[in-house]
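Asker: Sharing a structure here in structure tokens format.
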Amino acid sequence: MSSAPRVARFDSMHMPAHMGISFPAARCDLTLALHLGYAVPAASNNTNPANANMMKIATLLNQPSLICTLLACALIVSSSGYAQTTAPGTAIVSSFAPGGTLRASINLGNPVLASLDAQTGEAKGVSVDLSRELAKRLGVPLQLVVVKSAGNSVENIEQDKADIGFFAIDPKRAQEISFTGPYVLIEGFYAVRQDSPVTSNAQVDQTGVTVAVGKGSAYDLFLTRELKQATLVRVPTSPAVVQAFIDQKLDVAAGVKQQLEHDAQQAGGLRILPQRFMVIRQAMGVPTRRGPQAAAYLASFVEEMKASGFVAASLARHGIEGAAVAGPND
């Protein structure tokens with residue numbers, strides 16, 4: 001005798017307000033995994049769709065452990081305002097992956113976004129997780145195009161070596177890249193030697209002060225605009241900033257807080273100034289030449305990934321601290 005099906009399906013139901021929660025009238029297909037073990041009996045003797053739906057609701061609400069699942073689902077939809085990204089059509093898939101494979105540019109220069117797995121040697125991190133999820137939604141294979149710096153990642157987009165990438169939002173980059181809203185916020189800080197007379201950010205922008213930055217990074221672009229007196233010394237990649245700062249006897253090292261903290265601990269004799277000099281708004285991006293529909297789809301995808309908890313869960317899984325999931329208005 002075959003076992004009962006374990007799929008509960010709700011079709012265009014309008015559920016009344018309950019415990020202060022308003023359930024929207026919408027299609028909500030809930031596939032219950034085997035470990036839940038619940039089944040909804042068919043209302044075969046009642047041809048009234050409304051009554052049949054009410055029977056399904058009543059059956060489910062008799063399962064106490066399932067009530068929290070339903071309420072959580074309703075809360076996510078009603079509070080975030082984002083439903084699951086609509087299944088993409090052929091035109092959208094082609095705009096992202098014209099060659100049949102989604103090529104994602106992954107920047108190892110920012111440890112918040114990606115790093116190499118010590119055991120497998122493969123890239124891992126929130127940017128990799130988002131790339132995999134997007135490729136899954138598009139129904140295409142994924143190719144990771146791994147680079148060592150933000151500048152290289154931008155070049156991948158400009159030279160058609162990648163279809164999507166992960167970048168700090170910057171007006172200069174916006175000429176070639178359509179950005180989503182930010183999915184994570186990262187802070188930029190300065191590091192100096194323990195015996196340095198520099199104790200505040202205001203003391204950095206002085207004549208004769210040299211500042212090491214990762215070439216083409218978000219903070220390079222930002223400080224190029226903001227610093228008027230200090231001299232920027234550009235280093236090929238962000239992970240090489242602190243070593244260049246030490247070797248070249250520079251005055252200040254600028255970078256992502258997490259990278260500076262790691263490198264300062266390794267090098268010793270350094271301290272990080274107490275205040276950030278910028279907030280780096282990390283977003284996904286697609287080449288502007290791929291069109292507005294691709295840009296809109298990617299923007300919706302990112303908002304869903306934030307609202308659903310996907311981004312927060314990925315950061316936690318990879319042990320990333322000090323980075324905040326961006327809100328809808330960041």
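The values are calculated or read from the model by the stated rules, or taken from the named source; none is laboratory data. All of these numbers come straight from a predicted model, not from anything done at the bench. Cβ atoms come from the backbone with ideal geometry, glycine included; neighbour counts cover every protein chain shown. Side chains included, ligands, DNA and RNA excluded: accessible areas come from the protein's heavy atoms. Shrake-Rupley method; radii C 1.70, N 1.55, O 1.52, S 1.80 Å.
Asker: Quote the accessible area belonging to L315 in square angstrom, nearest 10, computed with a 1.4 Å probe and with ligands, DNA and RNA left uncounted.
Answerer: Spelled out: L315, probe radius 1.4 Å, area about 10 Å².
Asker: Sequence-distant or interchain residues sharing an amide H contact under 5 Å with A324, placed H: which?
Answerer: Under 5 Å from the amide H of A324: L185.
Asker: Which ³J(HN,Hα) values, rounded to whole Hz and listed in residue order, are derived for segment 294-304 from phi using the Karplus coefficients 6.51, -1.76 and 1.60 in 6.51 cos²θ - 1.76 cosθ + 1.60 with θ = phi - 60°, glycine and proline given as x?
Answerer: 5, 4, 5, 5, 5, 4, 5, 4, 5, 4, 5
Asker: A further question on this structure: Quick one: if the Förster radius is 45 Å, what FRET efficiency do Q266 and Q293 give, using the C-beta to C-beta distance and rounding to 0.05?
Answerer: The computed FRET efficiency comes out at 0.50.
Asker: Also: Would you mind counting up the charge near A162? Only other residues with Cβ under 11 Å from its Cβ, with Lys and Arg at +1 and Asp and Glu at -1. Before the final figure, lay out the partial values.
Answerer: Values: positive: R103, K161; negative: E155, E158, D160, D163.
Within the 11 Å Cβ shell, the charges total -2.
Asker: Kindly report, to the nearest 10 Å², the accessible surface of K161 as traced by a 1.4 Å probe over protein heavy atoms only.
Answerer: Here the residue's solvent-accessible area equals roughly 100 Å².
Asker: Output wanted: per-residue J couplings in Hz (rounded whole) for segment 175-182, from phi through Karplus 6.51 cos²θ - 1.76 cosθ + 1.60, θ = phi - 60°, x for Gly and Pro.
Answerer: 5, 10, 10, 8, 8, 7, x, x
Asker: Starting at the first residue of segment 231-241, write each ³J(HN,Hα) from the Karplus equation 6.51 cos²θ - 1.76 cosθ + 1.60 with θ = phi - 60°, in whole Hz, x for Gly and Pro.
Answerer: Rounded to whole hertz, the list is 10, 7, 10, 8, 10, x, 9, 4, x, 8, 4.
Asker: So for each of 118-125, 253-260 I average, over its residues, the number of other beta carbons within 10 Å; can you give me the resulting order with the highest mean first?
Answerer: 253-260, 118-125
Asker: Follow-up question, since we're still on this one. Go through K148/K228; K172/K215; K136/K215 and tell me which ones have a Cα-Cα distance over 23 Å in this structure.
Answerer: Numbers: K148/K228 28 Å; K172/K215 14 Å; K136/K215 33 Å.
Beyond 23 Å: K148/K228; K136/K215.
Asker: Measure off 7 Å from each Cα along the Cα-to-Cβ vector at A316 and Q175, then give the distance between these two points in nanometres to one decimal.
Answerer: 4.2
Asker: Taking the full set of protein chains and a 1.4 angstrom probe, give the accessible area of V302 in square angstrom, rounded to the nearest 10.
Answerer: In the full protein context, V302 sits at about 0 Å².
Asker: With a 1.4 Å probe and all protein chains in place, put D330, D117 in order of accessible area, largest first. Show your work: numbers first, answer last.
Answerer: Working: D330 75, D117 45 Å².
Output order, biggest surface exposure first: D330, D117.
Asker: Name the residues whose placed amide hydrogens come within less than 5 Å of the amide hydrogen of V146, ignoring near sequence neighbours (fewer than 5 apart) on the same chain.
Answerer: Under 5 Å from the amide H of V146 lie the amide H atoms of I106, each far enough along the sequence or on another chain.
Asker: Something else now. Distance from the Cα centre of segment 313-330 to that of segment 238-254, in angstrom?
Answerer: One Cα centre to the other: 27 Å.
Asker: Further question: List the residues, sorted by chain then number, that are 5 or more residues from V235 or on another chain and whose placed amide H is less than 5 Å from its amide H.
Answerer: V213, G214, K215
Asker: Here is a further query. Taking the highest mean first, how do the peptides 218-231, 139-152, 95-108 order by number of other beta carbon atoms within 10 angstrom per residue?
Answerer: Working: 218-231: 16.7, 139-152: 18.4, 95-108: 20.4.
Output ranking for 218-231, 139-152, 95-108: 95-108, 139-152, 218-231.
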